[in-house]
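*Asks:* Attaching a single structure in structure tokens format; questions to follow.
The values are calculated or read from the model by the stated rules, or taken from the named source; none is laboratory data. These numbers were taken from a predicted model, which means no experiment stands behind them. Because the Cβ atoms are built from the backbone with ideal geometry, glycine has one as well, and the counts that use them run over all protein chains shown. With ligands, DNA and RNA removed, areas are computed over all heavy atoms of the protein, side chains included. Shrake-Rupley method; radii C 1.70, N 1.55, O 1.52, S 1.80 Å.
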Amino acid sequence: MSNLIHSLIRISAFLGKEIAEVVRQPRLILSLVLGPFLILLLFGIGYKNEPRAVRTLFVADPDSPLAQQIEENAASISPQLIYSGVVPDEQTALNRLRQGSVDLIAIAPQDAYQTIRNNKQAGFTLYHNEIDPAQAGYIEYLGQIYVDEVNRRVLISMVQEGQTETLDVQAEIKDARSNATRMRQALQTGDVLTARMYQQRLNANVTNLSTVLGASAALLSGVEQNVGSSGENTENQDIIAVLAELQQQTGDSADNPVSQSDTSEEISRLDKVDQDLNQLEERLSEFQRISPDVLVRPFTVETRTISTTQMTAVDFFTPSVIVLLLQHIGVTIAALSIVRERRSGTMELFRVSPVSSLETILGKYLSYLVFGAFLAAILSLLIFYGLRIPMLGAWQDYALVCLALLFTSLGLGFLISLLADTESQAVQLAMITLLLSVFFSGFILDLRYFWEPVRIVSYAIPATYAINLLQNIILRGKDIIPLFMGGLLAIGVVLFITSWLLLRRSMARR
Amino acid sequence: MSEHVVEATPVGGLAIHANNLTKKFLEEFAVKDVSFDIPVGKIFGFIGPSGSGKTTTIRLLTGIYEPTEGQVQVLGKAPKDFTASIREQIGYMPQMFVLYPDLSVWENLNFAASLYGMNPVGRRAKLTPWLDFVELTDHKTKLAKNISGGMQRRLALAATLVHDPALVFLDEPTAGIDPVLRSKFWDRFRDLQSQGRTLFITTQYVGEAVHCDIVGVLVAGQLVALDTPEALRKRAYGGEIVDLETKEPITFEKMFQIQNMDFVKGRIRPVGTNRLRIIVDEASTAIPDLISWCNENGLSTESVSEYVPPFDDVFVQIIETEQEKQGAQSGAADE
């Protein structure tokens, strides 16, 4: 019992000492708490969560129709594409790009019309001067949007022309319907010759219709086939089908010229032709009513979140910043701790005194956990109440994750401290840990972007687990995910045992 | 500060027993075949130049280092078998100031007390006398970094003693401090001794040997002398020293006669024309004989007194003697 009390007193020695030492450095506390808060605040104020505008210079033959269209359309194509003019030669444009007066050069294809006629796609060439792969990707994406938009406009103009042409089709349908009526009248009066004449005219009408309607009908039919018609229209046939049936009816008539004996069969066929013509007229009216924009771009997308809160970029980064900061504090103070004791000579005092390596490491863990928890509490108050970051989960879960993270980070720091020979080495290793965490913990880049074997590095970093846990608690309102909490604590326990064994070796007789 | 009693008096009344203690770093001897016994309650002075192996010896005794060869028992136990309770009876003051500069004098003392498991209840009452002992009571709220070097040494001494150790290792406690403070330190050490503690003190100041009960002289890792200060002094010169001064010049013939006297040991050394430095068996018996001889031989004595050489001289003499001995041994080995 007495031994246990003595042991507890020895452990408490570090608690008092470490906290007193830290309290003597108010600037350190201020920088550790206020620093990250101010960084987040500045980030919140300064970060524009909108796509960057790109100054774009076009290269095209000034006399080409494409150049005129570029000038007409460029300004209205995308708000992110700022039209900076059209120049005739590539070199001038590239010089301006190098000087930085424009961000993007778009070179229009030479003789686009002839290229397309030769069954080839006409390509725009884009030049940029970005070194950031993300920005280069953005430029590429913007270029794709631009080309899609140009293609869309071409299609719209084609559809508009198609719709204009269908106006002429109305007259043809009317003529066909009139010829069908007269053929029926002739058949009813037994005037076979007149009936044959109108039969030939009707056939001619249907042939004209199929010719004129070809492109538009195929377009509408394509939309219908890809989208699938809704329930109420399932009985309706598309224009192509109606035309086909009409051709079949009139074709049958042509193959079998009207005779005196089969007038009743011919009249019933004419009834069917009438129906088909009505249906065709109806479908064409429908086609004309649909906006060309809807026809060439029938689908749009709207994304919705099932999260109950609308997150800003600051909200999203807050859990990661808290995690990185707590990890860095834990790693740095622990990393400096033992190496400093060793360098200053106090470790020699410990080795002579009754304090054991376990008591030493426990005392240090306890001291820094208390200090870290205090910092985390102040930082959290500032962030959640100062910056009004939403907290959807439970505070106790948040606190548990912070403590687990501090425990594990301290272990990492002590390991560094026991491996480093000097304080500068310890600081360097702590900085490398921070850098590693920035890249591999999911702070900036989603872990899914990494090659799977490399993800082992990610899952060796405490921050990876803690970021995931805190994002789920703070931003999704979820409970602690046992797998991630288990992973974080398992690393912490391994680091604790390793640090203890290394310290024991360091304090042993040699 | 308690009126101290050594709690665990080791068998045979020895606080430390070292036998052929040897420590090698790689192939180099830091300490070689060092043997000594230190009885409980004595001040043992370990004297030697910088790099002679004093700190290594302390580290071997306190269990920081493991000996390459030899045995050591401290408070009856080998350092590898030290229990927490044995460690609680040992105080250690390293050569450098290793306490925390950002803690106050009081906080440093409190930390040291906690490190030795001292109960927080009533701790203040136990620490305050130690603060008085090292005269730092008025400075207890000052940060350690803001006090003078001398005060830092005193703080380190207090931190070494707060847990009331029976055996205290002090590694060059007086290094780098002024003579007045050094003298005060030795007063404190004697106070500690009077409380029954055993002190193992290393020093580069040879003159401080006089304050010790037993002195070990360490040169290049080897213990070249181990004795009381008086015995060492005698051993260094082959006897006690008497200075004889006459009114008349001392002729060569008379010098020869003195040299041949029974109580004279070694060669006499003229200092000027009418003064001799003579090494004798016992100064107290030699002085009356010398006065009688001078009267009988027509010499008027101006003064006859015992000369007590400073320990620096004793140390130099011991080293020279040791080197001569080693030279003779190596010469004999060569032959």
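*Asks:* Can you give me the long-range amide H partners of A:Gly85? Hydrogens built in the peptide plane at 1.01 Å from N, cutoff under 5 Å, separation of 5 or more residues or another chain.
*Replies:* A:Phe58
*Asks:* Could I ask something else about it? Once you charge only the Cβ atoms, +1 for Lys and Arg and -1 for Asp and Glu, what is the size of the charge dipole of chain A about its Cα centre, to the nearest 20 debye? Show your work: numbers first, answer last.
*Replies:* Working: 39 positive and 50 negative charges, 873 e Å.
Dipole size: approximately 4200 debye.
*Asks:* To the nearest whole number, what is the average tally of beta carbon atoms from other chains within 10 Å of the beta carbons of peptide B:96-106? Before the final figure, lay out the partial values.
*Replies:* Details: counts 3, 2, 8, 4, 9, 3, 7, 5, 2, 0, 0.
Across B:96-106, the average partner-chain Cβ count within 10 Å equals 4.
*Asks:* Continuing with the same structure: I'd like to know which of B:Pro79, B:Asn119, B:Ile201 lies farthest towards the positive end of the charge dipole of region B:11-233, counting +1 on Cβ of Lys and Arg and -1 on Cβ of Asp and Glu.
*Replies:* B:Asn119
*Asks:* Please work out the Cα center distance from region A:110-148 to region B:128-146, rounded to the nearest Å.
*Replies:* Taking the Cα centre of region B:128-146 as reference, the centre of region A:110-148 is 79 Å away.
*Asks:* May I ask for the angle, rounded to the nearest 10°, between helix A:192-227 and the longest principal axis of chain A, with both axes built from Cα atoms and the value confined to 0 to 90°?
*Replies:* For A:192-227 against chain A, the angle is about 0 degrees.
*Asks:* Could you give the angle, 0 to 90 degrees to the nearest 10, between helix A:239-255's Cα long axis and the longest principal axis of the Cα atoms of chain A?
*Replies:* 20 degrees
*Asks:* Taking the convex hull of the alpha carbon atoms in the protein assembly as shown, what volume per residue do you get, in Å³? Could you put the intermediate results ahead of the total?
*Replies:* Details: hull volume 264.3 nm³, N = 845.
Per-residue hull volume (Cα only) is 313 Å³.
*Asks:* In the Gaussian network model of chain B, springs joining C-alpha atoms below 10 Å, which of B:Asp81, B:Asp138, B:Asp312 carries the largest mean-square fluctuation?
*Replies:* Maximum fluctuation in the GNM of chain B, among the listed residues, is at B:Asp138.
*Asks:* Anyone know which of B:Ile90, B:Ile214, B:Ile258 comes out most mobile in the 10 Å Cα GNM of chain B?
*Replies:* Highest fluctuation of the listed residues: B:Ile258.
*Asks:* Which of the listed residues, A:Leu193, A:Ile480, A:Tyr127, is farthest toward the dipole's positive end in the protein assembly as shown, when Lys, Arg count +1 and Asp, Glu count -1 at the beta-carbon?
*Replies:* Looking along the dipole axis, the top candidate is A:Ile480.
*Asks:* For region A:284-331 and region A:67-104, what is the centre-to-centre distance using only Cα atoms, to the nearest Å?
*Replies:* Here the two parts' Cα centres lie 29 Å apart.
*Asks:* Please turn the phi angles of region A:263-273 into ³J(HN,Hα) values with the Karplus equation 6.51 cos²θ - 1.76 cosθ + 1.60 (θ = phi - 60°), one per residue in order, whole Hz, x for glycine and proline.
*Replies:* Whole-Hz 3J(HN,Hα) from phi for region A:263-273: 5, 5, 5, 5, 5, 5, 5, 5, 4, 5, 4.
*Asks:* Another question, if that's okay. What are the GluC sites (Glu not before Pro) within region A:1-102 that DSSP puts in a loop, where the Cβ has at most 15 other Cβ atoms within 10 Å? Write out the running numbers ahead of the final one.
*Replies:* Values: sites: A:Glu18, A:Glu21, A:Glu71, A:Glu72, A:Glu90; in loops: none.
Within region A:1-102, no GluC sites (Glu not before Pro) qualify (loop, at most 15 other Cβ atoms within 10 Å).
*Asks:* Something else about it: Report the Cα centroid-to-centroid distance between region B:15-49 and region A:401-426 in angstrom, as an integer.
*Replies:* Centre-to-centre distance over Cα atoms comes out at 39 Å.
*Asks:* With a cut-off of 20 Å, note down the residues of region A:141-169 whose backbone N falls inside the zone around a label point 7 Å from the Cα of A:Arg448 toward its beta carbon.
*Replies:* Only A:141 fall inside the zone, counting backbone N under 20 Å.
*Asks:* Please list B:Trp293, A:Trp500 from largest to smallest accessible area, probe radius 1.4 Å, with all protein chains kept in place.
*Replies:* Details: B:Trp293 30, A:Trp500 65 Å².
These residues rank, largest area first, as A:Trp500, B:Trp293.
*Asks:* Assuming a viscosity of 1.002 mPa s and a temperature of 20 °C, what translational diffusion coefficient in µm² per second does Stokes-Einstein assign to region B:236-307, Rh being the Kirkwood radius over Cα pairs?
*Replies:* Diffusion coefficient, whole number: 181 µm²/s.
*Asks:* Considering only the other residues whose Cβ falls under 14 Å of the Cβ of A:Gln69, what net charge follows from Lys and Arg at +1 and Asp and Glu at -1?
*Replies:* Details: positive: A:Arg152, A:Arg153; negative: A:Asp61, A:Asp63, A:Glu71, A:Glu72, A:Glu149.
Local net charge: -3.
*Asks:* Give me the angle, in degrees from 0 to 90, between the Cα long axis of helix A:65-77 and the longest principal axis of the Cα atoms of chain A, rounded to the nearest 10.
*Replies:* 50 degrees
*Asks:* Sticking with this structure for a sec: Using helices alone, what [θ] at 222 nm do you get for the protein assembly as shown, with -39,500 (n - 2.57) per DSSP H run of 4 or more residues, divided over all residues and rounded to the nearest 500? Before the final figure, lay out the partial values.
*Replies:* Values: 28 runs with 479 residues, N = 845.
After summing the helix terms and dividing by residue count, I get -19000 deg cm²/dmol.
*Asks:* Percent antiparallel among DSSP beta bridges with both residues in chain A, to the nearest 5? Intermediate results must be reported in sequence, preceding the final value.
*Replies:* On the way: 4 of 13 bridges.
In chain A, approximately 30 percent of DSSP beta bridges are antiparallel ones.
*Asks:* Hey, got a sec? Which GluC sites (Glu not before Pro) in region B:11-83 land in a DSSP loop and have at most 12 other Cβ atoms within 10 Å? Spell out each step's value before the answer.
*Replies:* On the way: sites: B:Glu27, B:Glu28, B:Glu69; in loops: B:Glu27.
Taking region B:11-83 and a limit of 12 other Cβ atoms within 10 Å, the loop GluC sites (Glu not before Pro) found are B:Glu27.
*Asks:* In a GNM of chain B with a 10 Å cut-off on Cα contacts, which of B:Leu26, B:Leu136, B:Leu276 has the highest mean-square fluctuation?
*Replies:* Checking each option, the largest mean-square fluctuation is seen for B:Leu26.
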